[in-house]
Amino acid sequence: MDTTRLRELRAGRRVSLKTLGDVIGKSVVSYSKKERGEVKFQPDEVVALSDFYGLTYDEMNAIFYDSNLPNGNFEDLNKILSGLGII
């Protein structure tokens, strides 16, 4: 995960840790640990943050998965996550 890019995205848009914690349904402390890479984001949290920031699939893949997901789009990702019962 690109923790630097994620922090820069938050700072550049002047979004608080509390707001992002609310977006993923976690406390400020929990979100902060995730942003620092101490705890992994769950797939549904990645989708929620991507929606919040308006990220493209490629941007989300680069920030959260180091571009390791196969080429695709959010529709494909949502189908996979839905099939697994994650979202």
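The values are calculated or read from the model by the stated rules, or taken from the named source; none is laboratory data. Nothing here was measured: the structure is a model prediction, and the numbers come from that model. Every residue, glycine as well, gets a Cβ built from its backbone with ideal geometry; the counts of neighbours run over all protein chains shown.
In segment 1-60, how many are surrounded by 15 or more Cβ atoms within 10 Å (Cβ to Cβ) and basic (Lys, Arg)?
Counting residues in segment 1-60 that are surrounded by 15 or more Cβ atoms within 10 Å (Cβ to Cβ) and basic (Lys, Arg) gives 3.
Given the structure, is Thr56 β-branched (Val, Ile, Thr) and at pLDDT below 95? I'd like the intermediate steps shown before the answer.
Values: β-branched (Val, Ile, Thr): yes; at pLDDT below 95: yes.
It is true that Thr56 is β-branched (Val, Ile, Thr) and at pLDDT below 95.
Find all pairs meeting these conditions: Cβ atoms under 6 angstrom apart; at least six residues apart or on different chains; first residue within segment 39-65 and under 15 Å from Gly21 (Cβ atoms) and touching a residue at least 24 places away in the same chain (Cβ under 8 Å); second residue surrounded by 14 or more Cβ atoms within 10 Å (Cβ to Cβ) and basic (Lys, Arg).
Taking only residues 6 or more apart or on different chains, the pairs are Phe41/Lys34.
Among the listed residues Lys40, Lys18, which satisfies the condition of being of a type in the set (Lys, Arg) and over 24 Å from Glu75 (Cα atoms)? If you could, list the steps in order and put the result at the bottom.
Values: Lys40 fails: over 24 Å from Glu75 (Cα atoms).
Result of the check over Lys40, Lys18: Lys18.
Kindly evaluate Tyr31 against the criterion of being touching a helix residue (DSSP H, G or I) at 6+ places or on another chain (Cβ under 6 Å) and modelled with pLDDT of 95 or more.
Against the criterion (touching a helix residue (DSSP H, G or I) at 6+ places or on another chain (Cβ under 6 Å) and modelled with pLDDT of 95 or more), Tyr31 qualifies.
May I ask you to list the residues in segment 9-53 that are of a type in the set (A, V, I, L, M) and either part of a helix (DSSP H, G or I) or in contact with a Leu (Cβ under 6 Å, 6 or more places away or on another chain) (or both)? Don't jump to the end; show me each part of the working.
Step one: of segment 9-53, the residues of a type in the set (A, V, I, L, M) are 9, 11, 15, 17, 20, 23-24, 28-29, 39, 46-49.
Residues satisfying the conditions are Leu9, Ala11, Leu17, Leu20, Val23, Ile24, Val28, Val29, Val46, Val47, Ala48, Leu49.
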